[in-house]
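One structure is given below, encoded as structure tokens.
Laboratory data are not the source of any read-out in this text; all were calculated from the coordinates shown. Worth saying up front: this structure is predicted, and the values here are computed from it rather than measured. Quick reminder, even Gly has a Cβ in these numbers, built from the backbone with ideal geometry, and neighbours come from all protein chains shown.
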Amino acid sequence: MFRPLHLVPANTRIDFMRFHKLCFAISVIMVVGSLVLIATKGLNFGIDFSGGILIEVKSQGPADLGHMREVIGNLGLGEVALQEFGGTDSVLIRVQRQEGDEQAQIRAVDSIKTALGGGLEYRRTEYVGPKVGGELISTAIWAVVIALGGIAAYIWFRYEWQFAVNAIAATLHDCITTVGLFSLLGLDFNLTTVAAVLTIAGYSVNDTVVVYDRVRAEMRRYKKMPMTELINLCVNRTLSRTTVTSGLTLLSVLALFFFGGEVLSGLSAALIWGIVVGTYSTIFVATPMLIYMHVRASGAAPEKAEPDAKAP
């Protein structure tokens, strides 16, 4: 008979809420620190946002991206990004905008064509200006805002407004600290990073909703149990699921980080941080905040539980 995998014993009783105030303080420091970094140091915007040169080429066979990246990288043109585009024989080359006027961009394109040699078909060459990059930044911000708004509406509809407020606070915590990490380390911030931030938001909310489901179920079962004890009970009962899901996801992303190459390094770094901080925020931010939102099942006593209200 098949038995589910449990990395955490079923009778685990860790007092998570004992540390929730300390974790609140750590989270506030991380969020404020991230905002200060973003405001002062800024972000290392990639070609998508800062503008640059875009070249689409087609080779006679499968393109050797590693060789092409090395050849173009040796030209000293700054940031270079290559990716397959529609097939293994089509490559999209992106190079950061060169200092100077349009002639500087043309010279950079000519040097790339000379370095790559013959045997390639150049399908298009475009110059992405800073104005386009600014429009992409605005679009990316709106994408994150709309996603968070949809998440809040869903949780509000499914639970109560207190749950929605807490979930959005935890999700903002995860997204802001992720962007802060990119500012701190100077990693390239591009459209792929925006996709990673949206992925982190979805992952964090999914983890939070699992615990919220357990909280709502146990609130109906133990109507007179103090909220602190009830939350501890719920977090411990979902801990095995959290450990398995987060652990396996983290293993997959670590594989991308170490073996996915330079193209996926930024995406995988963001996802690694997002999985860790998303799990942390579910246990120590989103769920403990319910204590201060006075969320109780109908007829429940807000403070002490009766002797028979203890969980088995």
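Within the chain, antiparallel bridges make up roughly 90 percent of the DSSP beta bridges whose residues both belong there.
Taking the Cβ-Cβ separation of Glu56 and Val276 as r and a Förster radius of 41 Å, what is the calculated FRET efficiency to the nearest 0.05? The computed FRET efficiency comes out at 0.65. The gain in end-to-end length when the Lys21 to Ala169 segment is fully stretched comes to 51.7 nm, 0.36 nm per residue minus the alpha carbon separation.
Dipole magnitude for the chain: computed about the Cα centre from +1 point charges on Lys and Arg Cβ and -1 point charges on Asp and Glu Cβ, it is near 1560 debye.
For the chain, a Gaussian network of Cα nodes joined below 10 Å ranks Pro288, Pro62, Pro226 by mean-square fluctuation, and the top entry is Pro62. For the range 52-128, relative contact order (Cα pairs under 8 Å, six or more residues apart, normalised by length) works out to 49 percent. The calculated FRET efficiency for Lys41 paired with Arg13, based on their beta-carbon distance and R0 = 51 Å, is about 0.75. May I ask for log10 I(q)/I(0) of the range 52-128 at q = 0.12, 0.15, 0.16, 0.21 Å⁻¹, from a Debye sum over the Cα atoms as equal point scatterers with solvent left out? The Cα Debye sum returns log10 ratios of -0.28, -0.45, -0.51, -0.89. Working note: 222 nm ellipticity from helices only, DSSP H runs with n ≥ 4, each -39,500 (n - 2.57), summed and divided by the residues of the chain, gives -20500 deg cm²/dmol to the nearest 500. The aspartates and glutamates within cross-link reach of Lys113, meaning a Cα-to-Cα straight distance under 13 Å and a gap of 8 or more places when in the same chain, are Glu56, Glu121. Going 7 Å from the Cα of Arg107 in the Cα-to-Cβ direction, what parts of the range 47-82 have a backbone nitrogen less than 13 Å from that spot? Of the residues in the range 47-82, 77 have backbone N under 13 Å from the label point off Arg107. If R0 is taken as 41 Å, the Cβ-Cβ distance between Ser265 and Glu160 corresponds to a FRET efficiency of 0.50. Which whole-number percent gives the relative contact order of the chain, counting Cα pairs below 8 Å spaced six or more residues apart? For the chain, the relative contact order is 26 percent.
Overall dimensions of the range 56-188, expressed as equivalent-ellipsoid semi-axes from the Cα gyration tensor (√(5λ), whole Å, largest first), are 41, 18, 14. Give the Debye-formula value of log10 I(q)/I(0) at each listed q (0.12, 0.21 Å⁻¹), with one equal scatterer per alpha carbon of the range 183-304, two decimals each. For the range 183-304 at q = 0.12, 0.21 Å⁻¹, log10 I(q)/I(0) is -0.53, -1.09. Pull out a ≥ b ≥ c, the square roots of the eigenvalues of the alpha-carbon gyration tensor of the range 1-116, then state rounded if a/c is under 1.5, prolate if not and a/b is larger than b/c, and oblate in the remaining case. Oblate shape, in that a/c is at least 1.5 and b/c is the bigger or equal ratio. Only helices reaching 27 angstrom along their own axis (Cα) with mean Kyte-Doolittle hydropathy no lower than 1.0 count here, and for the DSSP H runs of the chain these are 20-40, 130-158, 161-185, 239-259, 262-281. Put a dot 7 Å past the Cα of Thr88, heading toward its Cβ, do the same for Thr114, and the two dots end up 3.3 nm apart.
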